Amino acid sequence: MKKEATDADFVELNVDNPPEGKKVKATGDVSMVSGDGVGSTFTLTTKESDGYGMYTINNFSLTDVQEGDKVTVYGTTAEKADDGSPQINATIIE
């Protein structure tokens, strides 16, 4: 996953029908954590060349995250989250 993932591009993924299953990585700050460990969700705010991006991350790793953590997630893109943000199913969180 880590070798195949490309940098997540908020502009590319923040569309009505984002590509599903694309292997991506994103680095940013954690906020709005809901739950613990596998099955939890959180918001990841990234700084990108054209501004900032906010992603909903579904945590499918064994890594617990806390608000304020800076992490890199690796995973696959999914349909948009209920709040309209791009969604990533993360299998690796560092």
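Could you list, in sequence order, the residues of the range 62-79 that are closer than 17 Å to ASP36 by Cα and charged (D, E, K, R)?
Passing the criteria: ASP64, GLU67, ASP69, LYS70.
Within the range 3-12, which residues are closer than 25 Å to ASP64 by Cα and surrounded by 11 or more Cβ atoms within 10 Å (Cβ to Cβ)?
ALA5, ASP7, ALA8, ASP9, PHE10
Could you look through the range 14-49, keep only residues that are among the hydrophobic types (A, V, I, L, M, F, W, C) and at pLDDT below 95, and pick out the one that is farthest from ASN59 (Cα to Cα)?
Ranking the qualifying residues of the range 14-49, first place goes to VAL15.
Report, by residue number, each residue of the range 61-94 that is polar (S, T, N, Q), farther than 16 Å from GLY21 by Cβ and open to solvent by 40 Å² or more (accessible area, probe 1.4 Å). Let's see the steps before the verdict.
So the first thing to find is which residues in the range 61-94 are polar (S, T, N, Q), and the list is 61, 63, 66, 72, 76-77, 85, 87, 89, 91.
Filter again for farther than 16 Å from GLY21 by Cβ, leaving 61, 63, 66, 72, 85.
Passing the criteria: THR63, GLN66.
Return yes when VAL65 is over 14 Å from THR27 (Cα atoms), in contact with a Phe, Trp or Tyr (Cβ under 8 Å, 6 or more places away or on another chain) and touching a residue at least 24 places away in the same chain (Cβ under 8 Å) and no when it is not. Working first, answer last.
Working: over 14 Å from THR27 (Cα atoms): no; in contact with a Phe, Trp or Tyr (Cβ under 8 Å, 6 or more places away or on another chain): yes; touching a residue at least 24 places away in the same chain (Cβ under 8 Å): yes.
Answer is no for this residue.
Cβ contacts < 6 Å: first residue in contact (Cβ under 8 Å) with a residue 60 or more places away in the chain and closer than 22 Å to THR91 by Cβ, restricted to the range 47-58; second residue of a type outside the set (S, T, N, Q) and open to solvent by 90 Å² or more (accessible area, probe 1.4 Å), any location; separation 6+ or different chain. Result?
Within 6 Å, no pair qualifies.
Of all residues in the range 25-60, count the ones that are open to solvent by less than 70 Å² (accessible area, probe 1.4 Å), farther than 19 Å from ALA5 by Cα and assigned to a strand (DSSP E or B).
8
The values are calculated or read from the model by the stated rules, or taken from the named source; none is laboratory data. Everything numeric in this text was worked out from a predicted model, so none of it was measured. No Cβ is skipped: glycine too gets one built from the backbone with ideal geometry, and neighbour counts run over all protein chains shown. Just so you know, the surface numbers come from the protein's heavy atoms only, side chains and all, with ligands and any DNA or RNA stripped out. Shrake-Rupley method; radii C 1.70, N 1.55, O 1.52, S 1.80 Å.
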